[in-house]
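What follows is a single structure, written as structure tokens, with notes after it.
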Amino acid sequence: MPALSSQQRSLTRFLIEAQREGQINAELRLLIEVVARACKRISVAVGKGALGGVLGDAVAAGGDGGASINVQGEAQKKLDVLSNDILLEANAWGGHLAGLASEEMDHSQPIPDAYPRGNYLLLFDPLDGSSNIDVNVSVGTIFSVLRSPEGVAEVGDEHFLQAGREQVAAGYCIYGPSTMLILTLGHGTHAFTLDREQGSFVLTKRDMRIPEETKEFAINMSNQRHWEAPMQAYVRDLLAGKEGPRGKDFNMRWIASMVADVHRLLTRGGIFIYPWDRKDPSKAGKLRLMYEANPMAMLVEQAGGAATNGRTRILDVPPTQLHQRVPVFLGSKREVEEATRYHVDHDA
Ligand SMILES: O=P(O)(O)OC[C@H]1O[C@](O)(COP(=O)(O)O)[C@@H](O)[C@@H]1O
Ligand SMILES: [Mg+2]
Ligand SMILES: [Mg+2]
């Protein structure tokens, strides 16, 4: 197998150069390396599919054989649990974290006393799009990195409740036909592809740019009857096409894995929407602010796109709970502004 050519830049080299340029310190570099290594392990598990015995629902521990339910009230897949364990184990002992929080855990976890503690907090959705696992459609891991507040002996949930604009890094790994890591350190959004033979992520696109305009939208249309008025009006005008007020035909794509839908719009533009709906009015949306919306919003903004909750910038939404939900509108800048305008005008 040919070795990595000098033209190619591994993730390791990219991070060392980012450190030399003062974008990150050694601790943050280690953190990203560790997360990337954990994602490689998850990629192997996902890739084995039925041969690895990893498909299907996780069974509740010590129960009657029923499905294991997470804090979101959703049945956990075996791969949700396995991916969570891989990320926890990989990040426990490196000395780069003060604590971790995950979609699959009720509360955050401080790094145990037995290990050195670092200055960062890591939040993750260990496996996004898990309803797609059993049908062999792309899934992914989403992560967000925050600074741990100074002078805190042991971090708790409250220390994670920082607005998205405070993130120092964010990314996702998509397990598709190829495995890719999409990363921002606050200086652009960059894509790395896993070279499976070499076992290393290779930089394949520096500075991804989302086209400002689009003709493609992604939304779960089956919820239409539950949407609020401005959302109904916005999609009605998209569907009206050339003859409608927007004056152009739109195409629709919906994979139902946020990582895959966002990866498409980072690659060729588009708008991804998961709005608030009346199905369960107690929930502010389906997607979670801290480990889904915030990291995706940072990646999208760093690629020249925009991200709002229909009214305000996602990265400015004040968090009040670890598993807080939020409506999500993100992607091509002009289109997100247009969708947001429908809501703001309606409120006015
Ligand atoms: O099929 P639905 O209910 O519209 O939900 C799809 C959305 O739910 C999610 O699967 C939620 O993420 P998890 O799989 O991590 O819970 C998103 O990836 C996706 O956009
Ligand atoms: Mg998810
Ligand atoms: Mg998940």
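The values are calculated or read from the model by the stated rules, or taken from the named source; none is laboratory data. No experiment lies behind these values; they were computed from the predicted model shown. Neighbour counts run over all protein chains shown; Cβ positions are idealised from the backbone, glycine included.
Tabulated data
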quantity	calculated
In the stretch 268-305, the residues that are among the basic types (Lys, Arg) and buried (at least 19 other Cβ atoms within 10 Å of the Cβ)	Lys286, Arg288
Condition check for Leu31: in contact with a strand residue (DSSP E or B) (Cβ under 6 Å, 6 or more places away or on another chain), at pLDDT 95 or above and away from ligand 2 (no atom under 16 Å from the Cβ)	yes
Within the stretch 59-94, tally of residues that are within 16 Å of ligand 2 (Cβ to nearest atom), assigned to a loop (DSSP other than H, G, I, E, B) and small (Gly, Ala, Ser)	1
Residue check for Ala256: more than 30 Å from Gln7 (Cβ to Cβ), within 16 Å of ligand 3 (Cβ to nearest atom), surrounded by fewer than 16 Cβ atoms within 10 Å (Cβ to Cβ) and not assigned by TED's automatic domain parsing to the domain that holds Met180	yes
Check on His343, within 16 Å of ligand 1 (Cβ to nearest atom), outside the structural domain of Ala169 (by TED's automatic domain parsing) and either surrounded by fewer than 24 Cβ atoms within 10 Å (Cβ to Cβ) or touching a residue at least 40 places away in the same chain (Cβ under 8 Å) (or both)	no
Among (1) at pLDDT 95 or above; (2) hydrophobic (A, V, I, L, M, F, W, C); (3) within 14 Å of ligand 3 (Cβ to nearest atom) - the single one Ile69 does not satisfy	(1)
Subset tally (residues that are touching a Ser or Thr at 6+ places or on another chain (Cβ under 6 Å), hydrophobic (A, V, I, L, M, F, W, C) and closer than 27 Å to Leu55 by Cα) for the stretch 74-115	1
Strands (runs of 3 or more DSSP E) within the stretch 110-215 that include 2 or more residues surrounded by fewer than 22 Cβ atoms within 10 Å (Cβ to Cβ)	189-195, 200-205
Hits in the stretch 101-121 (condition: in contact with a strand residue (DSSP E or B) (Cβ under 8 Å, 6 or more places away or on another chain) and away from ligand 1 (no atom under 16 Å from the Cβ))	His107, Ser108, Gln109, Pro110, Ile111, Arg117, Gly118, Asn119, Tyr120, Leu121
Criterion violated by Ile142 - all others in (1) touching a Ser or Thr at 6+ places or on another chain (Cβ under 9 Å); (2) within 13 Å of ligand 1 (Cβ to nearest atom); (3) at pLDDT 95 or above satisfied	(1)
Among the residues listed as Leu79, Leu87, Leu123, Leu97, the single one being more than 28 Å from Ala163 (Cβ to Cβ), assigned by TED's automatic domain parsing to the domain that holds Leu183 and in contact (Cβ under 8 Å) with a residue 12 or more places away in the chain	Leu79
Residue in the stretch 36-50 that is within 16 Å of ligand 3 (Cβ to nearest atom) and more than 24 Å from Ser178 (Cα to Cα) present	no
Residue check for Tyr120: modelled with pLDDT of 95 or more, within 16 Å of ligand 2 (Cβ to nearest atom) and at negative phi	no
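For (1) in contact with a His (Cβ under 7 Å, 6 or more places away or on another chain); (2) farther than 22 Å from Gly118 by Cβ; (3) within 16 Å of ligand 3 (Cβ to nearest atom); (4) outside the structural domain of Gln321 (by TED's automatic domain parsing), each residue gets a yes or a no:
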site: Val139; (1), (2), (3), (4): no, yes, yes, yes
site: Val145; (1), (2), (3), (4): no, no, no, yes
site: Ala153; (1), (2), (3), (4): no, no, no, yes
site: Phe160; (1), (2), (3), (4): no, no, no, yes
site: Cys173; (1), (2), (3), (4): no, no, yes, yes
site: His187; (1), (2), (3), (4): no, no, no, yes
